[in-house]
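Okay, structure first, notes after.
The values are calculated or read from the model by the stated rules, or taken from the named source; none is laboratory data. Remember, it's a predicted structure, so these values are computed and weren't measured experimentally. Note that each Cβ is placed from the backbone with ideal geometry, even for glycine, and that neighbours are counted across all protein chains shown. Just so you know, the surface numbers come from the protein's heavy atoms only, side chains and all, with ligands and any DNA or RNA stripped out. Shrake-Rupley method; radii C 1.70, N 1.55, O 1.52, S 1.80 Å.
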Amino acid sequence: MADGLPGAWSDPREPDGVQEICDQVKPHVEEKTNKIYVEFRVVEFRKQIVAGTNFLIKVDVGGENYIHLLVFKALPCNGGGIELLKVLEDKTKEEPLVPF
């Protein structure tokens, strides 16, 4: 992939710095899934540069359970807010992160 080019998704990478974003959207994820997550740990992520940044995030939610999140982070000039866009449940550790 053309990592860093506008519109292109990065290759999957280690969770450096993304746990904070994940922690911020956790209450919204719990509301959407109607579940409480004791464990909520980023395993890997991909990003897409748009008018801000889209993040695809694989999250370990305990046991053998994983979810995929699509999160948008606005540019600082637009407030820098973070918004949960979508959640996919019932994922496995081996499933690749693909845009959804």
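Could you give the angle, 0 to 90 degrees to the nearest 10, between helix 19-33's Cα long axis and the longest principal axis of the Cα atoms of the chain?
60
Can you give the translational diffusion coefficient of the chain in µm²/s, computed by Stokes-Einstein from the Kirkwood radius over Cα pairs at 37 °C and 0.692 mPa s? Mind showing how you got there, number by number?
Details: Rh = 13.7 Å.
Value of D from the Cα-based Kirkwood radius: 240 µm²/s.
Taking only protein heavy atoms and a 1.4 Å probe, what accessible area per residue, in Å², does segment 31-100 have with all protein chains in place?
Details: 3930 Å² over 70 residues.
Per residue, segment 31-100 has an accessible area of 56 Å².
So what's the convex hull volume per residue for the Cα atoms of segment 27-86, in Å³?
Working: hull volume 5.0 nm³, N = 60.
Cα-based convex hull of segment 27-86, divided per residue, equals 83 Å³.
For Glu30, Glu89, write out the residues from largest to smallest accessible area, computed with a 1.4 angstrom probe and no ligands counted. Numbers along the way, then the final one.
Values: Glu30 35, Glu89 70 Å².
Sorted descending by solvent-accessible area, the residues read Glu89, Glu30.
To the nearest 10 square angstrom, what accessible area does Thr53 show with a 1.4 Å probe?
That residue has around 30 Å² of solvent-accessible surface.
Report in % the part of the accessible area of segment 49-90 that belongs to carbon and sulfur, leaving out ligands and nucleic acids; probe 1.4 Å.
On the way: 1000 of 1970 Å².
Of all accessible area on segment 49-90, carbon and sulfur atoms account for 51 percent.
Where a Cα-Cα gap under 20 Å defines reach, which aspartates and glutamates qualify for Lys47, not counting those fewer than 8 residues away within the same chain?
Asp3, Asp11, Glu14, Asp16, Glu20, Asp23, Asp60, Glu83, Glu89, Glu94, Glu95
Using θ = phi - 60° and the Karplus form 6.51 cos²θ - 1.76 cosθ + 1.60, what ³J(HN,Hα) does each residue of segment 72-87 get, whole Hz, x for Gly and Pro?
10, 10, 6, 5, x, 5, 10, x, x, x, 10, 10, 6, 9, 8, 9
In the chain, if the dipole is taken from +1 on Lys/Arg beta carbons and -1 on Asp/Glu beta carbons about the Cα centre, which of Pro27, His68, Ile82 is farthest to the positive end?
Going by the Cα projections, it comes out as Ile82.
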